[in-house]
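**Student:** For reference, the structure I am asking about is given below.
Coordinate-derived values only; no laboratory data. The structure presented is a predicted model; accordingly, all values stated were derived computationally and were not measured. Backbone-built Cβ (ideal geometry, glycine too); neighbour counts: all protein chains shown.
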Amino acid sequence: MKKQIPFALILLRLFLGLLLLAFYWFKIDYFKYYAITFLVIGLLSDIFDGIIARKLNISTPSLRRWDSSVDLIFFSCITLGTYLSCPLFFRNNATLIFVLLGLEALTYVVSFTKFKKEIATHSIGAKLWTLFLFTLLIELLLHCQSTFLFQVTIWLGVITRLEIIAIILILKNWSNDIPTVYHAIQLRKGKTIRKNKLFNG
């Protein structure tokens, strides 16, 4: 039973993301506060599914692929919900947002082209960017505007997407949980890499 907890936490994020869109569709009162609550729960579940999986020694590549894919769906749902709540902000910043979305899509194109699998690098940079995205989405849900935090999040997102693409191109074989480009180079050389557990959630 315990071994099902990490996967259950992953499915919880999927459920919360889809539930949030249903809440918007049915015009549930206090939608923004539900969105923020789901976002907080989703982030905590993302942290603890990895911690629990490692404690139970079940942090398999398959589980990590599920984690990565559901993260994408969850944050896409939250972002869509934020867009539906604050469409003007997104329209005013459409160019930068589309640049970031294009690079995100490109990471998957490169990964599927090279390895026939989705990405699951869980790099340190990507984890850091997730925290900025989390904070930005809360700011937008509350105020429908952002200046400095938006710029930092966008450009950090661009840098980390480029890093992920570099990691994929460097690797000879598909692998999950690659903290940095340096670690990808070491792995390519046949060396065993020591992964940072703090960022490996």
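**Student:** Two-decimal Rg/Rh of the range 1-77 from alpha-carbon positions, Kirkwood Rh?
**Tutor:** Working: Rg = 13.4 Å, Rh = 12.8 Å.
Reported Rg/Rh (Cα atoms, Kirkwood Rh): 1.04.
**Student:** Here's another thing I want to ask about it. Can you tell me which of F150, F115, F75 moves the most in a GNM of the chain? Springs connect C-alpha atoms under 10 Å apart.
**Tutor:** Of F150, F115, F75, the Gaussian network model singles out F115 as fluctuating most.
**Student:** Extension gain K27-L128, at 0.36 nm per residue separation less the Cα-Cα distance, in nm? Present the calculation step by step, with values, prior to reporting the outcome.
**Tutor:** On the way: separation 101, 0.36 × 101 = 36.36 nm, distance 3.28 nm.
Additional length available on full extension: 33.1 nm.
**Student:** Once the Cβ-Cβ distance between N173 and S62 is put in as r, and R0 is 25 Å, what FRET efficiency do you end up with, to the nearest 0.05? Provide the component values of the computation, followed by the final result.
**Tutor:** Values: r = 16 Å, r/R0 = 0.63.
For N173 and S62, the calculated efficiency is 0.95.
**Student:** In the Gaussian network model of the chain, springs joining C-alpha atoms below 10 Å, which of I167, I124, I58 carries the largest mean-square fluctuation?
**Tutor:** I58
**Student:** For the residue pair F112 and A94, what label-to-label distance in nm results when each label sits 7 Å from Cα along the Cα-to-beta-carbon direction?
**Tutor:** Distance between the two pseudo-spin positions: 2.5 nm.
**Student:** Grab the Cα-Cα distance for M1 and H143, subtract it from 0.36 nm times how many residues apart they are, and report the gain in nm with one decimal.
**Tutor:** Details: separation 142, 0.36 × 142 = 51.12 nm, distance 4.20 nm.
In short, 46.9 nm is gained.
**Student:** For the pair I73/A166, report the inter-label distance in nm, with labels modelled 7 Å from Cα in the Cβ direction.
**Tutor:** 3.2 nm
**Student:** Show me the three semi-axes of the equivalent ellipsoid for the range 17-130, from the C-alpha gyration tensor (sqrt of 5 times each eigenvalue), largest first, rounded to whole Å.
**Tutor:** On the way: eigenvalues 142, 85, 27 Å².
Sorted largest first and rounded, they come to 27, 21, 12 Å.
**Student:** Sticking with this structure for a sec: Here are several values of semi-axes √(5λ) of the Cα gyration tensor in Å: (1) 29, 21, 14; (2) 26, 24, 18; (3) 22, 21, 17. Which one was derived from the coordinates shown?
**Tutor:** Answer label, from the structure shown: (1).
**Student:** State the extension gain, in nm to one decimal, for the chain segment bounded by F48 and Y182, taking 0.36 nm per residue of separation less the distance between their alpha-carbons.
**Tutor:** Residue separation times 0.36 nm, minus the Cα-Cα distance, leaves 45.6 nm.
**Student:** At 15 Å minimum axial length over the Cα atoms and a Kyte-Doolittle cut of -1.0, report the qualifying DSSP H helices in the chain, or say none. Intermediate results must be reported in sequence, preceding the final value.
**Tutor:** On the way: long enough: 5-25 (30 Å, 2.21); 31-55 (35 Å, 1.04); 61-85 (36 Å, 0.44); 94-115 (31 Å, 1.64); 124-143 (29 Å, 1.67); 148-170 (33 Å, 2.10).
Membrane-span-like by this rule: 5-25, 31-55, 61-85, 94-115, 124-143, 148-170.
**Student:** Pick from T130, T113, T180 the residue whose mean-square fluctuation is largest in a GNM of the chain, springs joining Cα atoms under 10 Å.
**Tutor:** T113
**Student:** About the Cα centre of the range 14-145, how large is the charge dipole given +1 on each Lys and Arg Cβ and -1 on each Asp and Glu Cβ? Please answer in debye to the nearest 20. Don't jump to the answer; show the numbers that get you there.
**Tutor:** Values: 11 positive and 8 negative charges, 68 e Å.
The dipole magnitude comes to about 320 debye.
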